[in-house]
Structure formats: structure tokens, C-alpha cells
Amino acid sequence: MDDRREFLRQAGLGAALLLLSPPARAEEEDEVSPTEDLMREHGVLRRILLVYGESARRLDGNQPLPAGTLERAAQLVRAFVEDYHERDEEEFVFPPLRKAGKLGDLIATLIAQHQAGRKLTAEIQKLAPQSASSRKPLAHALRQFIRMYEPHAAREDTVLFPAFAGVVGKKELARLQELFEKKEQALPLGNFEKMVDEVAKLEQSLGIYELAQFTP
Ligand SMILES: [Fe+2]
Ligand SMILES: [Fe+2]
């Protein structure tokens, strides 16, 4: 009888813990400020740039590229970076800065670069199913993309986002935090965590996933 009571007590405790733990965890994940959210999206972009860089190196050296890697990388850029991340910047980050009369020239350049990036992505998607003659222009497009987005993302991280956080109030930041999270969960190819998994797979297919291999 005592055993049975003890079992029920433990089972009850276990069930209570199960009920408690998932929402507690979900809440922790939600606590990402809008600027931190945008910055970790840059992290995904930077990892795609590594995939592009390794691909360009192989194209130059006439080394084989795993089938579908570049197509998939460009697809992630389109869906996650261009149709999501950059849209959020254009819709929610640039306008309040402009209204406050701040960073007008920088914002004009960033918008022009978003447009140039979309053209390069279309070019990369067109050339990615390679033939011998497309290797050179494809490598060139990949390098142009890397050359532009490394400084683009770095400037946003260090200048644009801090200025943005300075002009919008806490209330608007909290609203955006929720909005970004909702939008992210509705993305066609998946949320941030899914993008990190996808980009890791691409790195693995190119042999650049193991971080320790880069330690000098
Ligand atoms: Fe941007
Ligand atoms: Fe950005």
C-alpha cells in the first residue's frame, strides 16, 4: 500500500514537472531583443558566406562541388536573408531612424545593397547548376556577394542597430520582439534554429563544419 502511494506521489510530481517545463523553456527562448535577433540572423548569413567562399575556391581550382549545395545555399539566402531579415530592416529599422533624421546616407547604401544582393542571388541561382562555362562567372558572383555582405552586416551590427535601439522606445522594442518571433515561426523554410541546422549541413557537405580544423 505504501509503495503504491509513493508511486502515485512520484508520478504526480513527474507529471507536474512535465507540465511546468515546456512553457518555462519556451519563454526563455523568446527573450531575444529585436537587435539581437537581427544580429544572430547575420550569424546565419555569415555562415552562408563561408559556404559561398569555399564553393568559389573549389570552382576556381576545378574541384568538384557536391550537387545541390549552392542551390540550397542560395535558396536559404532568398527565403531567410532577403525575404525575411532584410524586409524587417526595411520595414521596421530604417523608417524610425529616417524619421529621427539619422544615418540617411548609410540607409540609402544599405537599401541599394539589398537590391544588388537580390540580383546576385538570382544570378547565382541561374548559374549554380554548373556547366564548365559557368564556373568562372559563378565564382565571380559568389565573391561579389561575399565582398558586399561582410561589410554590410558588420556596419549594421556596429552602427545601424545601436542607433536604432537608441531612437525607438522600450515599448516599440517589446512589440517588435514579439512580432519578429511570430514572423520567424511562420517562415516557409523554417525558423532560426532550423536555418542553423540547414547551414551546418551545407558546411558538412563541403568539409568546413569542424571548427577545430581552423585553429592554427
Ligand atoms: Fe541589411
Ligand atoms: Fe542585416
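A short reminder: the numbers here are calculations on the coordinates, not readings from a lab. Quantities reported herein were computed from a predicted structural model and do not represent experimental measurements. Note that each Cβ is placed from the backbone with ideal geometry, even for glycine, and that neighbours are counted across all protein chains shown.
For every residue, the table says whether it meets (1) more than 16 Å from ligand 1 (Cβ to nearest atom); (2) over 21 Å from the mean Cα position of the chain (by Cα).
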site: A141; (1), (2): yes, no
site: R147; (1), (2): no, no
site: H152; (1), (2): no, no
site: F164; (1), (2): no, no
site: K170; (1), (2): yes, yes
site: Q177; (1), (2): yes, no
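Yes/no matrix, rows are residues, columns are (1) in contact with a Ser or Thr (Cβ under 8 Å, 6 or more places away or on another chain); (2) closer than 28 Å to A122 by Cα; (3) in contact (Cβ under 8 Å) with a residue 40 or more places away in the chain:
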site: A132; (1), (2), (3): no, yes, no
site: P137; (1), (2), (3): no, yes, no
site: L142; (1), (2), (3): yes, yes, yes
site: F145; (1), (2), (3): yes, yes, yes
site: F164; (1), (2), (3): yes, no, yes
site: R175; (1), (2), (3): no, no, no
site: E181; (1), (2), (3): no, yes, yes
site: A186; (1), (2), (3): no, yes, no
site: N191; (1), (2), (3): no, yes, no
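Taken across segment 152-167, residues that are in a loop (DSSP other than H, G, I, E, B), surrounded by fewer than 19 Cβ atoms within 10 Å (Cβ to Cβ) and not acidic (D, E) do not occur at all. When residues in segment 76-95 are screened for being more than 15 Å from ligand 1 (Cβ to nearest atom) and surrounded by fewer than 18 Cβ atoms within 10 Å (Cβ to Cβ), 1 of them pass. Contact map, segment 97-124: first residue assigned to a helix (DSSP H, G or I), second residue within 12 Å of ligand 1 (Cβ to nearest atom) and of a type in the set (K, R), Cβ cut-off under 8 Å, separation 6 or more or different chains; pairs are L106/R155; L110/R155.
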